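Please read the structure below before turning to the comments.
The values are calculated or read from the model by the stated rules, or taken from the named source; none is laboratory data. What you are looking at is a predicted structure, and each value in this text was computed from that prediction instead of being measured. Backbone-built Cβ (ideal geometry, glycine too); neighbour counts: all protein chains shown.
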Amino acid sequence: MSDGLKHITLHLARCKEFPEGSTTRGYSFRAPLTPDGHLDAEAWKNLRDKCAVRRFWDGEPDQHGLLVLRAGGAGGSSWVFDYNPNVPSDDETGYRLGTHRFAPGEYVSVRDDEGDMNTFVVAGVA
């Protein structure tokens with residue numbers, strides 16, 4: 001992509017409810033990555049309005065928002081999927097997303113707006 005953003009797709013990883021995981025539950029988002037596949041906080045500052053996220057969850061309407069870097073959390077900041085900037089209770093926080101490598105087959109975790117932590121596999125980076 002000419003703007004330096006990557007398109008990242010996460011699918012729900014294996015869990016008790018979905019022993020094989022689920023390709024119908026996850027996230028699709030755009031974000032700048034460093035050459036080694038980590039979220040690039042410096043590049044994000046200039047591209048934040050282009051870092052769109054779509055949450056897709058079988059049986060629920062898609063949610064659309066932005067990938068946001070917020071103060072607080074491990075290491076001083078947290079990456080958040082923010083669907084409405086006026087409603088903090090709808091945010092979904094990544095678990096140490098800044099330290100994870102976004103490459104196919106890697107795993108990341110996201111705490112949903114109800115407080116449940118779910119693990120996702122990186123299904124693709126383009």
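Note on the range 8-31: residues that are among the polar types (S, T, N, Q) and farther than 18 Å from Gly105 by Cβ amount to 1. Among the residues of the range 114-126, what is the count of those that are in contact with a Phe, Trp or Tyr (Cβ under 8 Å, 6 or more places away or on another chain) and either within 19 Å of Thr24 (Cβ to Cβ) or touching a residue at least 60 places away in the same chain (Cβ under 8 Å) (or both)? Total satisfying the criteria: 5.
Yes/no matrix, rows are residues, columns are (1) over 16 Å from Val108 (Cβ atoms); (2) touching a residue at least 12 places away in the same chain (Cβ under 8 Å); (3) touching a Cys at 6+ places or on another chain (Cβ under 9 Å):
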{"site": "Leu33", "(1), (2), (3)": "no, yes, no"}
{"site": "Asn46", "(1), (2), (3)": "yes, no, no"}
{"site": "His64", "(1), (2), (3)": "yes, yes, no"}
{"site": "Leu67", "(1), (2), (3)": "no, yes, yes"}
{"site": "Trp79", "(1), (2), (3)": "no, yes, no"}
{"site": "Asn84", "(1), (2), (3)": "yes, yes, no"}
{"site": "Val87", "(1), (2), (3)": "yes, no, no"}
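Scanning the range 77-126 for residues that are over 12 Å from the mean Cα position of the chain (by Cα), assigned to a strand (DSSP E or B) and not hydrophobic (A, V, I, L, M, F, W, C) gives Ser77, Gly124.
Taking the listed residues Gly65, Gly37, Gly21, the one that is within 12 Å of the chain's Cα centre (by Cα) and modelled with pLDDT of 95 or more is Gly65, with no other qualifying.
In a residue-by-residue description of the range 5-19, the property of being under 20 Å from Ala126 (Cβ atoms), surrounded by fewer than 17 Cβ atoms within 10 Å (Cβ to Cβ) and either free of Cβ contacts under 8 Å to residues at least 24 places away in the same chain or among the aromatic types (Phe, Trp, Tyr) (or both) applies to no position. Taking Ala31 as the residue in question, decide whether it is within 14 Å of the chain's Cα centre (by Cα) and of a type in the set (Gly, Ala, Ser). Yes, satisfied.
Here Val108 meets each of (1) without any contact (Cβ under 8 Å) to a residue 60 or more places away in the chain; (2) within 16 Å of Val125 (Cβ to Cβ); (3) touching a helix residue (DSSP H, G or I) at 6+ places or on another chain (Cβ under 8 Å) with one exception, condition (1).
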